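Trainee: Below you'll find the structure I mean.
The values are calculated or read from the model by the stated rules, or taken from the named source; none is laboratory data. Here the structure is a predicted model, which means the values were calculated and not measured. Virtual Cβ from ideal backbone geometry, glycine too; neighbours counted across all protein chains shown.
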Amino acid sequence: MVNLYTCMSKVKVCHFYSGNRFGGLEKFLINVQRYSNMTPKVDHSFALCFEGKLFDHLQHLKNNVELIKLNTLSNPIKVVLAWVNIFKMLKRNEIDVLVSHEIWNYILGYFPAKLAGVNVVLWSHTSFFDYKLYKLLKYFLPQEIVADSLHVSELIKERWPSIPVKTLYYPHPSPEGVPAPKASNDIPTILYVGRFARYKGLHILIESLKYLNDLEFKLDIVGGPQSVEEEKYKIELETIIKKFNLQERVNFVGEQSDVASFYFKSDIFCHPNIAPEAFGLVFIEALYCGLPIVATNIGGAKEIFASTDKVIGKLVNPNQVEELSSSLRDMIVHSKLREEIKIYAPEVSRQLCDPLLSMQKMEDYLIRFRKK
């Protein structure tokens, strides 16, 4: 018997994104590329506006990445040229749906997609909808919006109640590796992984350590500045470290190709956002590696904690240095609790972001856009 789907053309999806930074969204796009064989009814391709780390990763996995060079929306001539190139790409590749990741690319791709008769979807990966480009949505209404968490879905429904919203969690695998064996005299390690964006609350984390001087611990900070603003923020962090004499306890590890090794050799993961993460892949990665989480009771962290009846760490209120310090103290002191969390934490991540499950849900959503 002939399989019906082998006789039907795949729905052709182009993921459109700027690609000039590297974080959770970029990891997501790489995973879509890596696990594209899990969506046999969908043909994924990619278009980026910048060359760099993301472009290289996607191109290395599969040669289906196009470059639409544009670094600003303020130059009308460059924008028109980009529109022409996007239109040609969509027609040449017979794309069924342009999935624009974040508002910048959505605004850029809207007109050429409409002119080419291509469906337009905005995939939102942010909790910050006060950005000026989002005000333009009333003129460029998407057919649908995809959100990367229930938290983001609720924000979208409040602001644009007429636009259909679908929540799809990222496909994300368990990092490869095994926990490093711990000796009884090992110093507990707190881990932070991420950009040096102020809203992530790294300054709150560092300041909270001043109340833990009676304990043995260290903090590893994995990641680095990706903009001038973040460079200035790092200088501010270094000032806080010196003010509270934390130079021997806080390590700026920098950008790392093997981030998993830091998860596996750490004891506690901390990410005290002062504004919400849309979702937060770093929480998923930490749980996969069995780390208890100390985070802020907002956004993605709150949603991940609510997804299980197991204790996976502690949530604190935003901007509360002493409360954060107290929660970190509990996790440092109670090694038995950390060991218990290590047993069941990975299952929490699998239930939310198992690659096969997440890619199948993505496929079920995208096949609706196949042209008749």
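Trainee: Output the residue which, of all residues in region 63-79 that are over 26 Å from Gln33 (Cα atoms) and surrounded by 12 or more Cβ atoms within 10 Å (Cβ to Cβ), is modelled with the lowest pLDDT.
Mentor: Applying the filter and picking the extreme gives Leu73.
Trainee: Right, another one. Taking the criterion of being in contact with a Cys (Cβ under 6 Å, 6 or more places away or on another chain) and either buried (at least 17 other Cβ atoms within 10 Å of the Cβ) or not assigned by TED's automatic domain parsing to the domain that holds Gln226 (or both), would at least one residue in region 21-30 satisfy it?
Mentor: No, there is no match, as no residue in region 21-30 is in contact with a Cys (Cβ under 6 Å, 6 or more places away or on another chain) and either buried (at least 17 other Cβ atoms within 10 Å of the Cβ) or not assigned by TED's automatic domain parsing to the domain that holds Gln226 (or both).
Trainee: Identify, please: which residue in region 127-150 is modelled with pLDDT of 90 or more and not in a strand (DSSP E or B) and is, among those, farthest from the chain's Cα centre (by Cα)?
Mentor: The selected residue is Leu150.
Trainee: Shifting gears a bit: Suppose we keep only residues that are modelled with pLDDT under 90 and under 19 Å from the mean Cα position of the chain (by Cα) within region 161-185. Which one would you say is nearest to Leu366 (Cα to Cα)?
Mentor: Pro175
Trainee: Also: Could you list, in sequence order, the residues of region 195-213 that are on the phi < 0 side of the Ramachandran plot and outside any helix (DSSP H, G or I)? Can you show your working first?
Mentor: To start, the set of residues in region 195-213 that are on the phi < 0 side of the Ramachandran plot comprises 195-200, 202-213.
Within region 195-213, Arg195, Phe196, Ala197, Asn213 qualify.
Trainee: Quick test of your reading of the structure: Glu158 fulfils all but one of (1) over 22 Å from the mean Cα position of the chain (by Cα); (2) of a type in the set (D, E, K, R); (3) in the same structural domain as Tyr344 (by TED's automatic domain parsing). Name the failing condition by number.
Mentor: (3)
Trainee: Could you please find all residues in region 33-54 being among the hydrophobic types (A, V, I, L, M, F, W, C), in a helix (DSSP H, G or I) and at pLDDT 95 or above?
Mentor: Met38
Trainee: State whether the residues of region 142-158 include one that is of a type in the set (Val, Ile, Thr), buried (at least 18 other Cβ atoms within 10 Å of the Cβ), touching a residue at least 40 places away in the same chain (Cβ under 8 Å) and closer than 30 Å to Asn273 by Cβ.
Mentor: Within region 142-158, one or more residues are of a type in the set (Val, Ile, Thr), buried (at least 18 other Cβ atoms within 10 Å of the Cβ), touching a residue at least 40 places away in the same chain (Cβ under 8 Å) and closer than 30 Å to Asn273 by Cβ.
Trainee: Which condition does Tyr192 not pass, out of (1) assigned to a strand (DSSP E or B); (2) of a type in the set (Ser, Thr, Tyr); (3) more than 30 Å from Lys234 (Cα to Cα), if it passes all the others?
Mentor: Result: Tyr192 fails condition (3) only.
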